[in-house]
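Since the structure comes first, as structure tokens, the remarks are kept for the end.
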Amino acid sequence: MNPSFSRPLLIAAAQTTVVAHDVTRNVQTHLAFVRAAAQEGVQLLVFPELSLTGYELPQLAAHVVDAEHALLAPLRQAARDHGMTLVVGAPAPPVRGEGLPAIGAWVLNADGSVALYRKRHLHGSEVQFASAGADDSLVLSLADTPTGLAICADATHPEHANAAATAGAVLYASGALISEQGYGPESAQLQGYARDHAMAVLLANHGGPSGGYVSAGRSAFWAPGGALVVAAPGAGDCLVLAQRDRNGSWSGRVVPVLPVDAAA
């Protein structure tokens, strides 16, 4: 018998198309996704890796934000207005405040508080432009759900997911930029974590090209045990919704989101 949960839970991956270096425009795209998610009743909305800037490694240092940065202000306000927790990708100060910036996942909570996870496992040329985070895992209560955060290559290291599960995560949420070539093996790893650790897994992938990579899209959600509940059919802008009912059963669907220009 499934355990009884106090209320249904609705989470979503925001599969966004990002414009390189145009953070102001990307903020507006994020706000459009938040509004679309609010119409569905989403409680936790996760964006891809470096969703506010694009995966533009040479320019990381030019776009570092902190919790009080003006660019985060409208997103923090939107989180409060809609009672929704947002996880957005942007460069962050390094762990000790000196040296290369970190690749950050900024957690903007519905109560106005802010938390930060820094990418632990850097990949390829990232080491030239970014510093690694110090936490083997970061598990936060997001939408009343113990959630382990990951950023792209973190999820290719089994010890990262294991650390999150050991720390009590029942949801593992990864913001990523995964190409078509990498999608097969990396999605198989994510599904394996859902199976092996009996935790839900959410992937928020880019909806279009970024930093020279062509994203596969196909953001997805796997239920505890490894069953694929829902996935976007490909690239493009959409919400991938996953809902848990009071009996612990999961269902999902994909909702297209109009680009900012089309919405206007």
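One residue stands out in region 207-264 among those that are of a type in the set (Val, Ile, Thr) and closer than 25 Å to PRO185 by Cβ: the one that is surrounded by the fewest Cβ atoms within 10 Å (Cβ to Cβ), namely VAL214. When we screen VAL114, VAL170, VAL214 for residues that are in contact with a Leu (Cβ under 9 Å, 6 or more places away or on another chain) and either of a type outside the set (S, T, N, Q) or at positive phi (or both), the only hit is VAL114.
The residue list ARG246, ARG218 contains one member that is among the basic types (Lys, Arg) and at pLDDT 95 or above, which is ARG218. Restricting attention to region 191-211, the residues that are of a type outside the set (Ser, Thr, Tyr) and either in a loop (DSSP other than H, G, I, E, B) or over 21 Å from LEU86 (Cβ atoms) (or both) total 13.
Suppose the filter is touching a Phe, Trp or Tyr at 6+ places or on another chain (Cβ under 6 Å), touching a residue at least 40 places away in the same chain (Cβ under 8 Å), closer than 23 Å to LEU122 by Cα and buried (at least 20 other Cβ atoms within 10 Å of the Cβ); does ALA13 pass it?
Considered against the rule, which asks whether it is touching a Phe, Trp or Tyr at 6+ places or on another chain (Cβ under 6 Å), touching a residue at least 40 places away in the same chain (Cβ under 8 Å), closer than 23 Å to LEU122 by Cα and buried (at least 20 other Cβ atoms within 10 Å of the Cβ), ALA13 comes out as no.
Among the candidates GLU126, GLU98, the residue that is modelled with pLDDT under 95 and among the acidic types (Asp, Glu) is uniquely GLU98. A single member of GLY175, GLY148 is touching a residue at least 60 places away in the same chain (Cβ under 8 Å) and touching a Phe, Trp or Tyr at 6+ places or on another chain (Cβ under 7 Å), and it is GLY175. Of all residues in region 46-82, those satisfying the criterion of being of a type in the set (A, V, I, L, M), touching a residue at least 60 places away in the same chain (Cβ under 8 Å) and not in a helix (DSSP H, G or I) are VAL46, LEU50.
The values are calculated or read from the model by the stated rules, or taken from the named source; none is laboratory data. Just so it is clear, the structure is predicted and the values come from calculations on it, not from any experiment. Methodologically, a virtual Cβ is constructed for each residue, glycine included, from the backbone with ideal geometry; neighbour enumeration extends over all protein chains shown.
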